[in-house]
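Student: Below: one structure in structure tokens.
The values are calculated or read from the model by the stated rules, or taken from the named source; none is laboratory data. Note that the structure is predicted; figures quoted are calculated from it, not measured. Cβ: placed from backbone, ideal geometry, glycine included. Neighbour counts: every protein chain shown.
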Amino acid sequence: MQEDAPILEVKDLWKTYDNGVAALRGVSFTVRRGEFLGVIGLSGSGKSTLLRCINRLVEPSSGSIRFGGAEVTAMGGKDLSAARQRIGMVFQHFNLVKRKSVLTNVLTGRLGAVGTWRSIAGRFSPEERARAAELLGIVGLGDKGDVRASELSGGQQQRVAIARSLMQRPDLLLADEPVASLDPSTSHSVMRYLEQANQEFGVTILCNLHFLSLVRQYTTRVIALQAGQIVYEGSPQEIDEAWFRRIYGEEAKEVRIQ
Amino acid sequence: MKPLPDARAQHTDRVRRAHGAARWRAALLDGLLAWYILGGTVWFLRWWTHPPAVSGGAPEAFSPALHLGLLVGGVLLGLLWSSIRTSPGRMAVARTTPLLRGDAPKPAGGFWRTWHGRAVLYALALTLGLGLRITQVDLYALFSREGLAGARRIFEALAQPNLSIAGVVFDKMVETIFVALMATVAAVPVAFVLSFAAARNLSRHSAGAMALYSLVRFLANLTRSIEPVLWAIIFSVWVSFGPFGGMLALFVHSVASLIKLYSEQIESVDTGPIEAIEATGAGRLQTIWYAVVPQVVLPYLSYTIYRWDINVRMATIIGLVGGGGVGELLMQYFGLGRYNEVGTIVLFITAVVWTMDWLSAKVREAIA
Ligand SMILES: Nc1ncnc2c1ncn2[C@@H]1O[C@H](COP(=O)(O)OP(=O)(O)O)[C@@H](O)[C@H]1O
Ligand SMILES: [Mg+2]
């Protein structure tokens, strides 16, 4: 794979849900390696659907998604599992397995690469355990490995989720409103870990965000969705008052997160 | 390819097919209702014209020809009836089919004001009348002098239990509890495995899984709808009378019940972790093991204890038809008319059921 080849190419992507809602209507964009791409738009504009199509948690209706040159929409079974292993995902509600320990949650990031029976017996290798512990240290939770995930605060759970996705050694990380259920200061701490993953580990990031201030501070480029279509693509700094109104509607006022 | 019109067309197509299927279900419902109203009314008319020989008794039974006539009449009326948009069947189906709910007709003044609604009310009144007549409700028998004397005799005997047989009763009680325990313990692993196949949310992904889902659901529902007492009768023929037959009967019924309880638990799990684990590239088994199982083990445990509790009660009943344990003993003494001994057994059963009830509530509380 060439260094300058795009890591992700989405072409004319459509998604119509079973109930007839057309969530994506011909979305096309390209992501280069190392980018931190923000995705903004009103709630219901199709941001989550877009991210979930990329790792096929949602089946696209038509169009093309090329990840590292390979067509994701055509993949099945082993191919899809292999692609998913290289695409991490972080969710708004963290989606940890609450009754399991923090360390086990991080280790689940490796499930795709571990044999079914070995993983069910819980026999992860010493290297895998060491790597999980190291990642927990990186997200500042080195001492929480044995704690049940449910005992952590929201911000801590999201950091565990980031560690879980980094356990996959992903090329691409999809973050679906990762800070939408966190308070402002916690939001920044979580965003900084994503930034670190992007800058230090070279993980390309696609991040749905609600607040423009976070978009301006952390992303390198931004696309805006409206009713399933891209209405803006460019630098986060260039989103002015006029663009803001186009994306969020005439009545909208920007709220800042400190 | 134009995906949008395509998907829209698919949607309207689904709605059209749903309408088609709904018509048949509506015809079935309307047919049942028409048959019931017809049959019930004829029953009362005949009771009027040919009064039963014994006062309070049942009228002469319907002849096969009459039965056939009523059935055919019901079917034809049902077909006719369901061709009207506001028939009871059409209304019920339209309101319970998600795809069609928006199109459900709203009769002016409400359903109960239409003659369709009145027909349903008539059927309800008919049910009350039939119920009183068919069960031969007889307040005289309940409160007559002879009746009350009988009640006094048995209550007096029950209140003076013969404690000299306590040892035997105790042994048989232990047998009953173990029959219930073994049936529960053996049912758990079977139900555990099958419950994953019987959960809709884990089966949607492929046609094969969906077929397995339907099969397991069907068999479980069928098995569950046969009461444990009937299973006990079946197994008493199969492995002969005794605790083993009783255990098998409870086992079969427990598997089916636990599949239902377990799979409903699976269907209500948080889907977030499932998606998160799937997104890491994990396989299906791994996803189930890491994202689903941790969410259901405690509820499973609680259901299992609850089931054991139920099984202890059922084991006593099963004993009545030869499934071993204390129920069998009760039946023997009852047959001999030895009500003091029956009283002893009732005392034991009550004590054990109360204790189990309390214990299972406590344990479930502790693990919740
Ligand atoms: N599973 C689903 N089934 C049907 N419609 C859905 C589903 N998920 C999302 N939608 C619809 O698709 C549209 C886009 O939703 P979503 O992608 O969640 O937007 P966002 O993340 O920007 O809020 C909305 O109208 C939403 O109601
Ligand atoms: Mg969303």
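Student: Report those helices (runs of 4 or more DSSP H) wholly inside segment B:265-326 carrying at least 1 residues which are small (G, A, S) and within 9 Å of chain A (Cβ to nearest Cβ).
Tutor: Helices (runs of 4 or more DSSP H) meeting the threshold: B:271-279.
Student: Quick check on this structure: which one of B:I274, B:I349, B:I288 is under 25 Å from A:N95 (Cα atoms) and in contact with a Ser or Thr (Cβ under 7 Å, 6 or more places away or on another chain)?
Tutor: Step by step, each of B:I274, B:I349, B:I288 is checked, and only B:I274 is under 25 Å from A:N95 (Cα atoms) and in contact with a Ser or Thr (Cβ under 7 Å, 6 or more places away or on another chain).
Student: I've got another one for you. Would you pick out the residues in segment A:51-82 that are within 14 Å of the chain's Cα centre (by Cα), on the phi < 0 side of the Ramachandran plot and of a type outside the set (A, V, I, L, M)?
Tutor: Selection gives A:R52, A:C53, A:N55.
Student: Quickly run through segment A:100-119 and pick out the residues that are among the basic types (K, R) and closer than 19 Å to A:G142 by Cα.
Tutor: Result: A:K100, A:R110.
Student: Restricting to segment A:18-33, count the residues that are without any contact (Cβ under 8 Å) to a residue 12 or more places away in the chain and within 9 Å of another protein chain (Cβ to nearest Cβ).
Tutor: 3
Student: OK, next. Taking the conditions exactly as written (touching a helix residue (DSSP H, G or I) at 6+ places or on another chain (Cβ under 6 Å) and within 14 Å of chain A (Cβ to nearest Cβ)), does B:I259 satisfy them or not?
Tutor: no
Student: Right, here's the next one. In segment B:184-238, what residues are in contact with an Asp or Glu (Cβ under 8 Å, 6 or more places away or on another chain) and either charged (D, E, K, R) or in a helix (DSSP H, G or I) (or both)?
Tutor: Of everything in segment B:184-238, those that are in contact with an Asp or Glu (Cβ under 8 Å, 6 or more places away or on another chain) and either charged (D, E, K, R) or in a helix (DSSP H, G or I) (or both) turn out to be B:R200, B:N201.
Student: Out of the residues in segment A:189-238 meeting the condition of being of a type in the set (D, E) and outside any strand (DSSP E or B), tell me which one is modelled with the lowest pLDDT.
Tutor: Among them, the one singled out is A:E238.
Student: Just to be sure before I move on: is B:F170 part of a helix (DSSP H, G or I), of a type in the set (A, V, I, L, M, F, W, C) and assigned by TED's automatic domain parsing to the domain that holds B:M331 in the structure I sent?
Tutor: It is true that B:F170 is part of a helix (DSSP H, G or I), of a type in the set (A, V, I, L, M, F, W, C) and assigned by TED's automatic domain parsing to the domain that holds B:M331.
Student: How many of the residues making up segment A:119-140 are under 20 Å from A:S189 (Cα atoms) and of a type in the set (D, E, K, R)?
Tutor: Number satisfying all stated conditions: 1.
Student: Another question, then. Among the residues of segment A:54-95, which ones are surrounded by fewer than 17 Cβ atoms within 10 Å (Cβ to Cβ) and within 12 Å of ligand 1 (Cβ to nearest atom)?
Tutor: A:E59
Student: Only one of (1) among the aromatic types (F, W, Y); (2) in contact with an Asp or Glu (Cβ under 7 Å, 6 or more places away or on another chain); (3) within 16 Å of ligand 1 (Cβ to nearest atom) fails for A:Y248. Which number is that?
Tutor: (2)
Student: Would you tally the residues in segment A:28-44 being within 16 Å of ligand 2 (Cβ to nearest atom), touching a strand residue (DSSP E or B) at 6+ places or on another chain (Cβ under 9 Å) and assigned to a loop (DSSP other than H, G, I, E, B)?
Tutor: 3
Student: Sticking with this structure for a sec: Take the residues in segment A:83-98 that are under 10 Å from the mean Cα position of the chain (by Cα) and within 16 Å of ligand 2 (Cβ to nearest atom), then tell me which one is farthest from A:Q157 (Cα to Cα).
Tutor: Among residues in segment A:83-98 that are under 10 Å from the mean Cα position of the chain (by Cα) and within 16 Å of ligand 2 (Cβ to nearest atom), the one farthest from A:Q157 (Cα to Cα) is A:M89.
Student: Continuing with this model, one more query. Report whether or not A:K98 is among the basic types (K, R) and either assigned to a strand (DSSP E or B) or within 13 Å of ligand 1 (Cβ to nearest atom) (or both).
Tutor: No: the conditions fail for A:K98.
Residue by residue, here is whether (1) more than 16 Å from ligand 1 (Cβ to nearest atom); (2) over 13 Å from the mean Cα position of the chain (by Cα); (3) charged (D, E, K, R) holds:
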{"position": "A:L173", "(1), (2), (3)": "yes, no, no"}
{"position": "A:S181", "(1), (2), (3)": "no, yes, no"}
{"position": "A:Q199", "(1), (2), (3)": "yes, yes, no"}
{"position": "A:T204", "(1), (2), (3)": "yes, no, no"}
{"position": "A:L214", "(1), (2), (3)": "no, yes, no"}
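Student: Let me ask you something else. Report whether or not A:A133 is more than 26 Å from A:R66 (Cβ to Cβ) and within 16 Å of ligand 1 (Cβ to nearest atom).
Tutor: no
Student: Among the aliphatic types (A, V, I, L, M), more than 10 Å from every other protein chain (Cβ to nearest Cβ) and out of contact with any Lys or Arg (no Cβ under 8 Å at 6 or more places or on another chain): which single residue out of A:V179, A:V97, A:V114 fits that description?
Tutor: A:V179
Student: Could you check segment B:334-368 and list, in sequence order, the residues that are more than 21 Å from B:A180 (Cβ to Cβ) and among the aromatic types (F, W, Y)?
Tutor: B:F334, B:Y339
Student: OK, next. If you take the residues of segment A:130-153 that are crowded, with 16+ Cβ neighbours inside 10 Å and not hydrophobic (A, V, I, L, M, F, W, C), which of them is nearest to the other protein chains (Cβ to nearest Cβ)?
Tutor: A:R148
Student: How many residues does segment A:26-53 hold that are surrounded by 19 or more Cβ atoms within 10 Å (Cβ to Cβ) and within 12 Å of ligand 1 (Cβ to nearest atom)?
Tutor: Qualifying residue count, segment A:26-53: 13.
Student: Against the condition in a helix (DSSP H, G or I) and outside the structural domain of B:I274 (by TED's automatic domain parsing), how does B:E156 come out, does it pass?
Tutor: Answer is yes for this residue.
Residues checked against (1) part of a helix (DSSP H, G or I); (2) closer than 15 Å to B:A34 by Cα; (3) among the aromatic types (F, W, Y); (4) assigned by TED's automatic domain parsing to the domain that holds B:V346:
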| residue | (1), (2), (3), (4) |
| --- | --- |
| B:G73 | yes, yes, no, no |
| B:L80 | yes, yes, no, no |
| B:I84 | no, yes, no, no |
| B:R95 | yes, no, no, no |
| B:W112 | yes, no, yes, no |
| B:L142 | yes, no, no, no |
| B:M182 | yes, no, no, yes |
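Student: So, A:R84, is that one of a type in the set (D, E, K, R), within 8 Å of chain B (Cβ to nearest Cβ) and outside any loop (DSSP other than H, G, I, E, B) or not?
Tutor: Yes; evaluated as a whole, the condition is true for this residue.
Student: Follow-up question, since we're still on this one. Looking at (1) within 16 Å of ligand 2 (Cβ to nearest atom); (2) part of a loop (DSSP other than H, G, I, E, B); (3) within 14 Å of chain B (Cβ to nearest Cβ); (4) not basic (K, R), can you tell me which one A:P170 breaks?
Tutor: (1)
Student: Conditions: (1) in contact (Cβ under 8 Å) with a residue 12 or more places away in the chain; (2) buried (at least 18 other Cβ atoms within 10 Å of the Cβ). A:S101 meets all but one. Number of the miss?
Tutor: (2) is the only condition that A:S101 fails.
Student: Now, a different point. Could you tell me how many of the residues in segment A:55-78 are touching a residue at least 24 places away in the same chain (Cβ under 8 Å) and more than 11 Å from chain B (Cβ to nearest Cβ)?
Tutor: 6
Every residue, every condition in (1) more than 18 Å from B:P273 (Cβ to Cβ); (2) outside any helix (DSSP H, G or I); (3) among the β-branched types (V, I, T); (4) without any contact (Cβ under 8 Å) to a residue 24 or more places away in the chain, yes or no:
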residue	(1), (2), (3), (4)
A:R110	no, no, no, no
A:W117	yes, no, no, yes
A:E127	yes, no, no, yes
A:A130	yes, no, no, yes
A:A133	yes, no, no, no
A:L136	yes, no, no, no
A:L141	yes, yes, no, no
A:G145	yes, yes, no, no
A:S150	no, no, no, no
